1. Exactly one of these conditions fails for ASP39: (1) in a loop (DSSP other than H, G, I, E, B); (2) at pLDDT 95 or above; (3) on the phi < 0 side of the Ramachandran plot. Give me its number.
2. Considering the range 44-67 alone, what residues qualify as being assigned to a strand (DSSP E or B) and free of Cβ contacts under 8 Å to residues at least 12 places away in the same chain?
3. Could you list, in sequence order, all residues of the range 1-36 that are part of a loop (DSSP other than H, G, I, E, B) and either surrounded by 12 or more Cβ atoms within 10 Å (Cβ to Cβ) or touching a residue at least 12 places away in the same chain (Cβ under 8 Å) (or both)?
4. If you take the residues in the range 62-84 that are among the hydroxyl-bearing types (Ser, Thr, Tyr) and either within 15 Å of ALA41 (Cα to Cα) or surrounded by 18 or more Cβ atoms within 10 Å (Cβ to Cβ) (or both), which one is modelled with the lowest pLDDT?
Amino acid sequence: MAGNIREAVRDERYVFGAHADQRLRERRILGWQVVAGLDDAKVIRETPDAMPNPVVEFDEVLPDGTPFKAVWAWISADRTAKLVTVHFYDG
């Protein structure tokens, strides 16, 4: 599933959900930073039975070195990746 999401993002078949868009603004992360970091991101967890869509959590790093988590969903009906949310790690 992580491979499907990475491929879809590379092929520009992705969307940002409303929640993700809001979190990007709140956390001052630019969408391109999440997209650009996905190829090198580490998979934290895949949840293929998540509802309504399977989900993959990725560990990413901003250009300034700040780590964050990006959660992507796989929408198999149209082979699209959807950014669900982003957040910084506490501590």
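The values are calculated or read from the model by the stated rules, or taken from the named source; none is laboratory data. Since the structure is predicted, the reported quantities are computational estimates derived from the model, not experimental observations. Every residue, glycine as well, gets a Cβ built from its backbone with ideal geometry; the counts of neighbours run over all protein chains shown.
1. ASP39 satisfies all of (1) in a loop (DSSP other than H, G, I, E, B); (2) at pLDDT 95 or above; (3) on the phi < 0 side of the Ramachandran plot except (2).
2. THR47
3. Within the range 1-36, MET1, ARG13, GLY17, ILE29, LEU30 meet the criteria.
4. So, considering only residues that are among the hydroxyl-bearing types (Ser, Thr, Tyr) and either within 15 Å of ALA41 (Cα to Cα) or surrounded by 18 or more Cβ atoms within 10 Å (Cβ to Cβ) (or both), the one modelled with the lowest pLDDT is THR66.
This table checks each residue for (1) under 12 Å from VAL15 (Cβ atoms); (2) within 15 Å of the chain's Cα centre (by Cα).
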| residue | (1), (2) |
| --- | --- |
| PRO52 | no, no |
| GLU60 | no, yes |
| PRO63 | no, no |
| THR66 | no, no |
| TRP72 | yes, yes |
| LEU83 | yes, yes |
| ASP90 | no, no |
